[in-house]
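Reading through the structure tokens given below for one structure.
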Amino acid sequence: MKKIILLLAIGFASVTFAQEEAQKFSPPAGKALVGDTYGAKISVKSEKKAESASKLDKKLKKSKKIANTTLKGKVTSVCPKKGCWLTVEDENKQTFFVKMKDYAFFVPVALEGKNVVLEGVAEKKMLSVDEAKHYAEDAKKPQAEIDAITEPQEQNRFTAAGIKVVN
């Protein structure tokens, strides 16, 4: 009887551990409804002063880094593995790559196609070949496209402290 209880306990612990590990490698659940916030709260004042990616890009030509700024746009893609990065596009098709500050929060894949306001730091960054390939693999790009990445790339990057879904 003791052996059966021991085996059941080990089996239960293994299943629980496997479920926890699987959750670490999948985006959080959620429908990304208007008003939902991920990370730090976004104030109404910040929402109103949010800028398009095009305006931030112009500012980044003068200064390589802009702290405490807000960005608005439409989410065009979300990391399908964890929800740990996303891309945001404005009405002029200008894009920003977004990572979460200190890897402190993730977003659901349902955020794709939604309008958002993000608060954080914008900067121009050189992306190494390895890092660019990593993101392409995460995005499940075709192998030919991944193999074509052979040089570092300059990228508009936004490190978000908070993200809010808006209309």
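The values are calculated or read from the model by the stated rules, or taken from the named source; none is laboratory data. These figures come from a predicted structure and were not determined experimentally. Quick reminder, even Gly has a Cβ in these numbers, built from the backbone with ideal geometry, and neighbours come from all protein chains shown.
Quick check on this structure: which one of VAL75, VAL98 is closer than 19 Å to TYR135 by Cα, modelled with pLDDT of 95 or more and touching a helix residue (DSSP H, G or I) at 6+ places or on another chain (Cβ under 6 Å)? Outline the logic, then answer.
Details: VAL98 fails: touching a helix residue (DSSP H, G or I) at 6+ places or on another chain (Cβ under 6 Å).
Criteria check complete, one pass: VAL75.
Scan the range 120-158 residue by residue and report those that are buried (at least 19 other Cβ atoms within 10 Å of the Cβ) and of a type in the set (S, T, N, Q).
Of everything in the range 120-158, just one residue is buried (at least 19 other Cβ atoms within 10 Å of the Cβ) and of a type in the set (S, T, N, Q), namely ASN156.
For the range 15-32, does any single residue satisfy the condition of being modelled with pLDDT of 90 or more, surrounded by 18 or more Cβ atoms within 10 Å (Cβ to Cβ) and not aromatic (Phe, Trp, Tyr)?
Filtering the range 15-32 down to residues modelled with pLDDT of 90 or more leaves 28-32.
Next, from what is left, pick out any that are surrounded by 18 or more Cβ atoms within 10 Å (Cβ to Cβ): 32.
Next cut, not aromatic (Phe, Trp, Tyr) only: 32.
The answer is yes; a qualifying residue exists.
Can you name every residue in the range 33-45 that is buried (at least 18 other Cβ atoms within 10 Å of the Cβ) and of a type outside the set (D, E, K, R)?
First pass over the range 33-45, keeping only residues buried (at least 18 other Cβ atoms within 10 Å of the Cβ): 36, 38-39, 42.
Hits for the range 33-45 are TYR38, GLY39, ILE42.
So which of LYS93, LYS81, LYS124 ends up being of a type in the set (Lys, Arg) and assigned to a strand (DSSP E or B)?
Values: LYS93 fails: assigned to a strand (DSSP E or B); LYS81 fails: assigned to a strand (DSSP E or B).
Unique residue meeting the criteria: LYS124.
Can you say whether VAL129 is of a type in the set (A, V, I, L, M, F, W, C) and in contact with an Asp or Glu (Cβ under 7 Å, 6 or more places away or on another chain), as far as the supplied structure shows?
Values: of a type in the set (A, V, I, L, M, F, W, C): yes; in contact with an Asp or Glu (Cβ under 7 Å, 6 or more places away or on another chain): yes.
Considered against the rule, which asks whether it is of a type in the set (A, V, I, L, M, F, W, C) and in contact with an Asp or Glu (Cβ under 7 Å, 6 or more places away or on another chain), VAL129 comes out as yes.
Could you please find all residues in the range 129-166 being in a loop (DSSP other than H, G, I, E, B), in contact with a strand residue (DSSP E or B) (Cβ under 7 Å, 6 or more places away or on another chain) and at pLDDT 90 or above? Before the answer, list the steps.
Of the range 129-166, the ones in a loop (DSSP other than H, G, I, E, B) are 139-142, 148-152.
So of that shortlist, the ones also in contact with a strand residue (DSSP E or B) (Cβ under 7 Å, 6 or more places away or on another chain) come out as 139, 152.
Selection gives PRO152 alone.
Return the residues of the range 96-119 that are under 27 Å from GLU151 (Cβ atoms), surrounded by 18 or more Cβ atoms within 10 Å (Cβ to Cβ) and either without any contact (Cβ under 8 Å) to a residue 40 or more places away in the chain or more than 10 Å from the chain's Cα centre (by Cα) (or both); say none if nothing qualifies.
Correct list: PHE96 only.
Pick from TYR103, TYR135: which is out of contact with any Ser or Thr (no Cβ under 7 Å at 6 or more places or on another chain) and farther than 18 Å from GLY39 by Cβ?
Values: TYR103 fails: farther than 18 Å from GLY39 by Cβ.
Among TYR103, TYR135, only TYR135 is out of contact with any Ser or Thr (no Cβ under 7 Å at 6 or more places or on another chain) and farther than 18 Å from GLY39 by Cβ.
Quick check: is even one residue across the range 57-77 closer than 19 Å to PRO27 by Cβ and in a loop (DSSP other than H, G, I, E, B)? Let's see the steps before the verdict.
First, the residues of the range 57-77 that are closer than 19 Å to PRO27 by Cβ: 74-77.
Okay, now just the ones that are also in a loop (DSSP other than H, G, I, E, B), so none.
Within the range 57-77 (the criterion being closer than 19 Å to PRO27 by Cβ and in a loop (DSSP other than H, G, I, E, B)), the answer is no, since none of the residues qualifies.
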